[in-house]
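Before any comments, here is the structure.
All of the numbers you see were taken from the coordinates with simple rules; none came from a lab. Remember, predicted model here, so these are calculated numbers, not experimental data. Neighbour counts are summed over all protein chains in view; Cβ atoms, including those assigned to glycine, are modelled from backbone coordinates with ideal geometry.
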Amino acid sequence: MTRRLRALIVQHEEPTPAGLLGDWLDGRNAEVDVLRIDLEEVVPDARRYDLIALLGSELPAFDDSVPFIPRESRLIREAMAADVPMVGLCFGGQLMARALGGGSFRAKQSEIGWFQLRSHDHDLIPEGPWFEWHHDSFTLPPGGRLLAETDVGPQAYVIGRSLGLQFHPEVTPEIVEGWVRAYRDESHDDSLDLDAMLDETNRRFAVVRGMTQRLFDHFLEDVASIVGWT
């Protein structure tokens, strides 16, 4: 009998669930553990998993006063040393870059809403538009290869068997609605129409779901090199 894919999802707070990433793992019949690293101090051994997903967060990846950042950084380095593939989404991609030797910092401007990317690998990273909600950016870790960018900064990179993203392929209309409620006062842009952004999310969702499925499929097969599980 073929062994099921075993995945760890690292979640940082209630409003940032796995969304379409969780749906994709369910479709792959994966065994999934969810670590609420903001609530749980014990971090499992990275070697127990075939794949680790690092979700978004409202917190900055460069702030070591956040209690879980040192713990998660150790998990990232241990996973890399053990050749366990990771996928980092927004904060997760920033922290993965920082933990592996890159930098993380406040961006010159926020990106909130739907954005086109400049992709250097259209098969893996379509140009979008993809959903963004971030105030920070990062530099690639040594050995990282840039896959996509905007004028604000990197949007996707590969290092080893792992993929870091600045955008949010996992979002659903429900997730975006939750962020609008939770983070409306943190958008830092009075000209931004969050309600119109939510309407756009609803209009785009059917297409985005398919794009996200293909992105994660390509990641699993072409970057993580995990084949044979369906």
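In debye, nearest 20: dipole of the chain around its Cα centre with unit charges on the Cβ of K, R (+) and D, E (-)?
Dipole magnitude for the chain comes out near 900 debye.
Taking every DSSP beta bridge with both residues inside region 6-223, roughly what % is antiparallel (nearest 5)?
Looking only at bridges with both residues in region 6-223, the antiparallel portion is about 55 percent.
Are there GluC sites (Glu not before Pro) in region 1-46 that DSSP puts in a loop and that have at most 15 other Cβ atoms within 10 Å, and which ones? Before the final figure, lay out the partial values.
Working: sites: E13, E31, E40, E41; in loops: E13, E40, E41.
Of the GluC sites (Glu not before Pro), the ones in loops of region 1-46 whose Cβ has at most 15 other Cβ atoms within 10 Å are E40, E41.
For the chain, what does -39500 (n - 2.57) per DSSP helix run (n ≥ 4), summed and divided by total residues, give at 222 nm, in deg cm²/dmol to the nearest 500? The partial results should precede the final answer.
Numbers: 5 runs with 67 residues, N = 230.
Counting only the DSSP helices, I get -9500 deg cm²/dmol.
Rank V176, V42, V34 by mean-square fluctuation in a GNM of the chain with C-alpha springs under 10 angstrom and give only the top-ranked residue.
The residue that fluctuates most here is V42.
Among G164, G27, G92, which one shows the highest mean-square fluctuation when the chain is modelled as a Gaussian network with alpha-carbon springs under 10 Å?
Result for the chain, Cα springs under 10 Å: G27 fluctuates most.
Going 7 Å from the Cα of E221 in the Cα-to-Cβ direction, what parts of region 83-101 have a backbone nitrogen less than 18 Å from that spot?
Inside the label zone: nothing.
What number, in percent, do you get for the relative contact order of the chain if the mean sequence gap of Cα pairs under 8 Å and at least 6 apart is divided by its residue count? Write down the numbers at each step before the final one.
Values: 445 pairs, mean separation 45.1, N = 230.
The value is 20 percent.
Taking only the alpha carbons of the chain, what extent do you get along each of the three principal axes, in Å, biggest first?
53, 39, 33
Where does the charge balance sit around L140 when Lys and Arg score +1, Asp and Glu -1, over other residues with C-beta under 14 Å from its C-beta?
Counting the neighbours of L140, the net charge comes to +1.
Could you work out how much longer the chain between L198 and D83 gets when fully extended? Use 0.36 nm per residue separation minus the Cα distance between them, nm to one decimal. Walk me through the intermediate numbers first.
On the way: separation 115, 0.36 × 115 = 41.40 nm, distance 3.81 nm.
Taking 0.36 nm per residue and subtracting the Cα distance, the gain is 37.6 nm.
Taking Cα centroids, how far is region 63-97 from region 147-173 in Å?
Going from one Cα centre to the other spans 15 Å.
Under a Cβ-Cβ cut-off of 11 Å, what is the net charge of the residues other than H168 that fall near it, where Lys and Arg count +1 and Asp and Glu count -1?
In short, -3.
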